[in-house]
Amino acid sequence: MSATPHWRQELRHQVADLLRSLGDDPRRVADQLRAEGAVGTPGNVKDCAIARYLAAVVGADTRIRCLKVTNRSVVLTTGRSCRPLRVRLTRPLQEFVVRFDHCLHPELIRPAGRGRGPRMVLR
């Protein structure tokens, strides 16, 4: 069995650290995302507020082809020959995703008509 390439471990740790920095409670996560200017689309794994935040921070990494946030993990597609890289969400982040998907954070919902994609500018 081959070892995980070093860059995959580094990427996993980088994303896990970014996720931890968002907070240890769903409300703090929402406050931090709002402070960073992250808005997204509820129910959209590629365009939710956390996905847009992560895309703005790590999206320039050319190894990342696709970034999705499910209700349990961040899934990074890094290349054709590699399995997707998964980073498990903490319980507070999981709770935030569920709340966001139920439109309980309207301040983080991207207004209709604004462009899609990770063009968010961090404040």
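Calculate for the chain the 222 nm mean residue ellipticity that helices alone would give, adding -39,500 (n - 2.57) per DSSP H run of length 4 or more and normalising by residue count, nearest 500 deg cm²/dmol. Provide the component values of the computation, followed by the final result.
Numbers: 4 runs with 48 residues, N = 123.
For the chain, the value works out to -12000 deg cm²/dmol.
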Seminar exercise, completed: In the list (i) 0.97; (ii) 0.93; (iii) 1.19, the entry giving Rg/Rh (Cα atoms, Kirkwood Rh) computed from the coordinates is (i)
Exercise. Against the longest principal axis of the chain, how steep is helix 6-21, in degrees 0 to 90 to the nearest 10, with axes from Cα atoms?
Worked result: 20
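Quick one: dipole size for segment 46-92, taken about the Cα centre, charges +1 on Lys/Arg Cβ and -1 on Asp/Glu Cβ, in debye to the nearest 20.
Working: 11 positive and 2 negative charges, 49 e Å.
So the magnitude is around 240 debye.
Give me the extension gain from Lys46 to Ala60: residue separation times 0.36 nm, minus the current Cα-Cα distance, reported in nm with one decimal. The partial results should precede the final answer.
Working: separation 14, 0.36 × 14 = 5.04 nm, distance 1.54 nm.
That works out to 3.5 nm of additional length.
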Exercise. Which listed residue (Trp7, Ala38, Ala56) has the Cα farthest towards the positive end of the charge dipole for segment 6-104, taking +1 on Lys and Arg C-beta and -1 on Asp and Glu C-beta about the Cα centre?
Worked result: Trp7
For this session: Looking at the chain, send over the antiparallel percent of its DSSP beta bridges, to the nearest 5.
Result: 90
Exercise. When you count, for each residue, the other Cβ atoms within 10 Å and take the mean per peptide, how do 49-57, 11-19, 101-109 rank with the highest first?
Worked result: 49-57, 11-19, 101-109
Seminar exercise, completed: To the nearest 10 degrees, the tilt of helix 26-36 (Cα long axis) against the first principal axis of the alpha carbons of the chain is 90
Seminar exercise, completed: The helix 91-101 Cα axis meets the longest alpha-carbon principal axis of the chain at an angle in degrees, between 0 and 90 and rounded to 10, of 50
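Determine, for Arg72, Arg110, Arg86, the number of other Cβ atoms within 10 Å of each Cβ, and report the residues in order from fewest to most. Can you show the working numbers first?
Details: Arg72 12, Arg110 19, Arg86 15.
Fewest to most other Cβ atoms nearby, the residues stand as Arg72, Arg86, Arg110.
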Exercise. Using modelled backbone amide H atoms (1.01 Å from N, in-plane), which distant-in-sequence or interchain residues come within less than 5 Å of Ile109's amide H?
Worked result: Gly40
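None of the figures in this text is laboratory data; all of them are computed from the coordinates on show. In this text the structure is predicted, and so the values were computed from the model without any measurement. Ideal geometry is used to build each Cβ from the backbone, glycine not excepted, and the neighbour counts take in all protein chains shown.
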